[in-house]
Amino acid sequence: MENLIFESKLLKIYFESIIYVILMKKEVKKYYTDINKIYNYILNNKFTNIFLFHNCMIELIILLKNTLFEISNIYSKYVLFPQLEQIYNL
């Protein structure tokens, strides 16, 4: 009986974690979509001043570069390294 209760609790935790992952993926996708909309708006904007355009593009490039660097770190830490450890039994 205790074993059955333990297994049902494990199953509940497993399904809750799956639901949590699904919700997190939706949240990340929402933020990505919103950022993409703003980014496209900026790129398609008709700047009246070339200096504003230039400064805006420089800031966007810096932001994107830093963001890609951070995303790469997250990917390495949580996806790539664990896969490599699993493959090479580290």
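Tell me whether region 1-16 contains one or more residues that are part of a helix (DSSP H, G or I), among the small types (Gly, Ala, Ser), out of contact with any Asp or Glu (no Cβ under 7 Å at 6 or more places or on another chain) and within 21 Å of residue 74 (Cα to Cα). So that I can check it myself, show each step before the final result.
Residues of region 1-16 part of a helix (DSSP H, G or I): 2-16.
Adding the requirement that they be among the small types (Gly, Ala, Ser) leaves 8.
Of the ones still in play, those that are also out of contact with any Asp or Glu (no Cβ under 7 Å at 6 or more places or on another chain) are 8.
Narrowing the set further to residues that are within 21 Å of residue 74 (Cα to Cα) leaves none.
Looking for residues that are part of a helix (DSSP H, G or I), among the small types (Gly, Ala, Ser), out of contact with any Asp or Glu (no Cβ under 7 Å at 6 or more places or on another chain) and within 21 Å of residue 74 (Cα to Cα), one finds none in region 1-16, hence no.
So for region 47-57 (the condition being part of a helix (DSSP H, G or I), in contact with a helix residue (DSSP H, G or I) (Cβ under 7 Å, 6 or more places away or on another chain) and surrounded by 10 or more Cβ atoms within 10 Å (Cβ to Cβ)), does at least one residue qualify? Please lay out each step first, then the result.
Start the filter on region 47-57 by keeping residues that are part of a helix (DSSP H, G or I), which leaves 50-57.
Within this subset, residues satisfying the condition of being in contact with a helix residue (DSSP H, G or I) (Cβ under 7 Å, 6 or more places away or on another chain) are 56.
With surrounded by 10 or more Cβ atoms within 10 Å (Cβ to Cβ) added as a condition, the list becomes 56.
Yes: one or more hits.
Collect the residues in region 1-49 that are of a type in the set (Lys, Arg) and within 27 Å of the chain's Cα centre (by Cα), keeping them in residue-number order. Spell out how you get there, then give the answer.
Of region 1-49, the ones of a type in the set (Lys, Arg) are 9, 12, 25-26, 29-30, 37, 46.
Of everything in region 1-49, those that are of a type in the set (Lys, Arg) and within 27 Å of the chain's Cα centre (by Cα) turn out to be 12, 25, 26, 29, 30, 37.
Values in this text are rule-based calculations from the coordinates and carry no lab data. Quick caveat, the model's predicted, so the values are computed rather than measured. Backbone-built Cβ (ideal geometry, glycine too); neighbour counts: all protein chains shown.
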